[in-house]
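No value in this document is a laboratory result; all are computed from the given coordinates. All values reported here derive from a predicted model rather than from experimental measurement. Cβ sites come from the backbone with ideal geometry, for glycine too, and all protein chains shown count toward neighbours.
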Amino acid sequence: MRAMLIGFALGVAGLQQRAALPGRWEWAVAGALLAGVCGFACRAWARGTAESPEASRSSATPRRSPSPSPASGAAARWLVRWRSVAAPAAAFVAAVIVGHYYAAVRAEMRMAAALPPSWELRDLALTGYVRGLPTQDASTARFLFAVDVDEAQRITGIEHFPPIVQLNWTARGGHDVPRLTPGERWRLTVRMKRPHGHANFAGHDAEAGLLARGVRATGYVRATADVERLPGMAGGIGTSIDRARLMLRDRVARALTGAAHRGIVAALAIGAQDAMTEADRLALRRTGTSHLVAVSGLHIGFVAGLVAALAAWLWRRSCGFGALLARRGAREWPLVLPTPIVAAAAGVASAAGYAALSGFNVPAQRALWMLAVASAAFVLGRGVAFSLVLAWAAALVLIVDPWAVTAAGFWLSFGAVSVIAFAMRGRLRMREDEDGAHDLIDAMRASDPAWETPSEHDPARGSARSLWPRRLAALRRRCADAIRAQWAVTIGLAPLTAFWFSQVSLAGPLANAVAVPWVSLLVVPVVLVAIVLPAPVDALAYRLAHALLEPLMHILGSLAGSPWAERHLPRPSFWALASALAGVAWCLMPRGWPLRFAAPLAWLPLVVPPAPGVEEGAFRLTALDIGQGASILVETRRRTLLFDAGPGPESTHAGERIVVPVLRAGGVARLDALVVSHGDADHAGGVPAVLESLDVRQLLGGLPPAHRLWAMAPERRADALRCAAGQRWRWDGVEFEVLWPDPGPLPRRANEQSCVLKISAAGMSALLTGDIGAPSERVLVQRAPDALRADVLLAAHHGSKTSSTESFLDSADPRFALFQVGYRNRFRHPHPHVWSRFEARDITLARTDRDGAVRVTTNDGLPVLERYRESHARYWMDR
């Protein structure tokens, strides 16, 4: 059974790595293969059972047969062993096929609902209700909207209209955004587009997250004046739970108005982290304690244990009704239904309620299913191995949500439980034996009050004197187990956090040693009590929880401020990750295991990644997918240069959310040069985030003297220099030359101040143009048309109609042209006329809104272009 459950999970995970869903012929082949494998497994099991030695000994023979020869007996035993292996292997293969095509069926059903491209960014009048927990402040709101599909189909004629869309609502024209409540019905005028996310090498896949939530279109409310709240409420049990979560969030907000850590209290209560401050997020992330603010398995287990103990206590006493029933001739309740079964049922029910209150995140689901499986085994009177419980939980999570494997929470949650169980396997068995001995002693005492253990009647040992040493020894064992479990989680999750987040918290072990017991034993119980208390008494409990959090957050903030708190690592390859995980398993083996001291050698591929792979005298150019903006990474053998850093806080926070994480995941910890083409927000807005996060040696920019970046660069120990035509330098055999602007006063228009950078190497050259327009292009053509010739051209001003003139393209004569544009951007870049100019010259074109990040390298002396959405395609991309 364990192998089948693991096979099912692997099949689901395999489907999420595919570039396309199975076709008709593949379904037919898979069905035939599944039938054959199942038939083989059943046949092997049947024959293995019939020919097993036990069956042979127990079967009666009607007549005496000659004794088999030793050779035939050995062959029979080999055949039995082979079938005993073949049957489980066939069942494993069948489970893989079932999991793979179950996920495919779910994907086909969800992908069927899609917004046609012809309906993107068109006004639509939709009727529906608010679903989930809205994220809202005074001027904006972000929420899920469950559409009345029948009405939308009638209006639009779209056969499979998206049932759930994600909308943003921003105050416009003096109209405030109304307060949104789950289940409220609205008629909204919206503009939508297909689900689209940024696609970068080693970046986060936002489209997979949207698909997992069932969101098949995103958009915004078009006009506040054309909206109407409709009477009545919609939704079922899920919407009622969301309303309860919103009510609790509001109660926390009222009780802790102006409190610094109000968002953490709300996160512990309902699992919503939208109210957390950036300072708290940073402190938790750098100390590796972010898991504490998610309603995790630890919290679910605490609630289930508390409720189960309370239910058992009440059921044993039956609140006085048991005696009344007994006097009337009926049996008391505990005799009709045993107390342990009632406690188990109450624990599972409370765990399900708290998991629902937390939004059913993956750690909560994992804990709930593990508790349910273990409780079911207990009720049925069967023993179940921990690994089987974990396998059942993984399979059930993936049955509910096959896309859970695309999120980090699935792997971190199951990984943490797995490494703890692996590290504590021997101690858990010993504790089970001890608990069994204690249960036996209690049973003997209950049957015979005069019964005593040898230690109790032995005057030489003395029960009073031996009690405290035993308790101290048990306390020491528990502390040792806690330390070992923390050590196992620290080293076990390090490879996974490096893979998903490109970082490892060095302060994590110390921070978790303090934070885990503090939050679990002090803060969480107070928050849970506050949830069940009525208003306004609950405010006292919420304030107490916040008061308990303040000293802890002060400690975590101090640890987070240390330069050694975390280390950023490049995203490891699959083989580096596998090697590190094997090293973890080797390190957690028991004492005496051969070469256990050499286990850290398996982590070398993780902590000492290979070189970038750029040869001497060559460079690699990557145009990042950051939406409407520009950011180009240029790498030589030992140096890196970033040309622009995308938008900043005034727009999409792309510098902080995309550029910095992608650079870190790619192993870029230092920038030898940061070139800021000019001061427009979509080019320079993300520069402060880059300066704060990375070691920047030099800032080179086409910025006016009063620009704030000139003052910020020295504060970050970066040399600052205005770019001017004639500047040259050479890195690792690669030539860099600034072609524009001229020395002296900058042009008056910001776009014409853009730096134009030419990069030349053997076999490839590139021209990065910023946002220059036709006037600057004409000057460059007249001055030195040969200097503009390049294999790779960054289309000026994102393909605006004011740039990329005929003469400029003739002089550059590129093989490849890159357009960094946002999906369905409001500027409609690139302009159709400009696009046609490039096409007329047979230039290979790439645009980040369709292709994702674009990378150009050299192969055999010729430039080669790689599109992320082609080389890393998934079936949900651009659909």
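Which net charge results for the neighbourhood of W710, defined as the other residues with beta-carbon distances under 14 angstrom from its beta-carbon, given Lys and Arg at +1 and Asp and Glu at -1?
Result for the local shell: +1.
Return the FRET efficiency for the residue pair S139, W729: r is the Cβ-Cβ distance, R0 is 60 Å, and the value is rounded to the nearest 0.05.
0.80
Angle between the Cα long axis of helix 386-400 and the longest principal axis of the chain, 0 to 90 degrees, nearest 10?
50
Whole percent per 10 Å bin, from 0 to the bin with the longest distance: what is P(r) over all C-alpha pairs of the stretch 208-323?
10, 22, 33, 22, 10, 4, 0
When DSSP assigns beta bridges and you keep just the ones with both residues in the chain, what percent turn out antiparallel, to the nearest 5?
70
How charged is the neighbourhood of Q136? Take every other residue with its Cβ under 13 Å from the Cβ of Q136, and add Lys/Arg as +1 and Asp/Glu as -1.
-2
Where Lys and Arg each count +1 and Asp and Glu each count -1, what net charge lies around R154 among other residues with Cβ under 15 Å from its Cβ?
-3
Relative to the longest principal axis of the C-alpha atoms of the chain, give the angle of the C-alpha long axis of helix 362-379, reported between 0 and 90° and rounded to the nearest 10°.
Its long axis makes an angle of about 20 degrees.
Taking Cα extents along the principal axes in Å straight from the coordinates, which label in [x] 112, 79, 64; [y] 108, 83, 68; [z] 139, 79, 65 is the correct one?
[y]
Give me the tail of P(r) for the stretch 620-871 as a percent: Cα-Cα pairs with distance above 33 Å.
Roughly 10 percent, rounded to a whole number.
Starting from the Cα of A112, step 7 Å along the direction of its Cβ; do the same at R213; then give the gap between the two resulting points in nm.
2.4
Taking Rh as the Kirkwood radius computed over C-alpha pairs, what is the Stokes-Einstein D of the stretch 565-672 at 25 °C in a medium of viscosity 0.890 mPa s, expressed in µm² per second? Could the numbers behind the result be given before it?
On the way: Rh = 16.2 Å.
After rounding, the answer is 151 µm²/s.
Which of the listed residues, H831, L794, V864, is farthest toward the dipole's positive end in the stretch 752-879, when Lys, Arg count +1 and Asp, Glu count -1 at the beta-carbon?
Value: H831.
So if R0 is 35 Å, what FRET efficiency would A30 and S871 give, r being the distance between their Cβ atoms, rounded to the nearest 0.05?
Efficiency for this residue pair is about 0.85.
Helix 70-112 against the longest principal axis of the chain: what's the angle in degrees, Cα atoms only, rounded to the nearest 10?
Helix 70-112 sits roughly 50 degrees off the main axis of the chain.
I need the calculated FRET efficiency for the pair R591 and Q698, taking r as the beta carbon distance and R₀ as 41 Å, to the nearest 0.05.
About 0.20, to the nearest 0.05.
Quickly work out the E120-to-W564 label distance, labels modelled 7 Å from Cα along the C-beta direction, and quote it in nm with one decimal.
That separation, rounded to one decimal, is 5.0 nm.
Which cross-chain or sequence-distant (5 or more) residues have an amide H under 5 Å from the amide H of V756, H modelled 1.01 Å from N in plane?
Here L739, W740 satisfy the definition.
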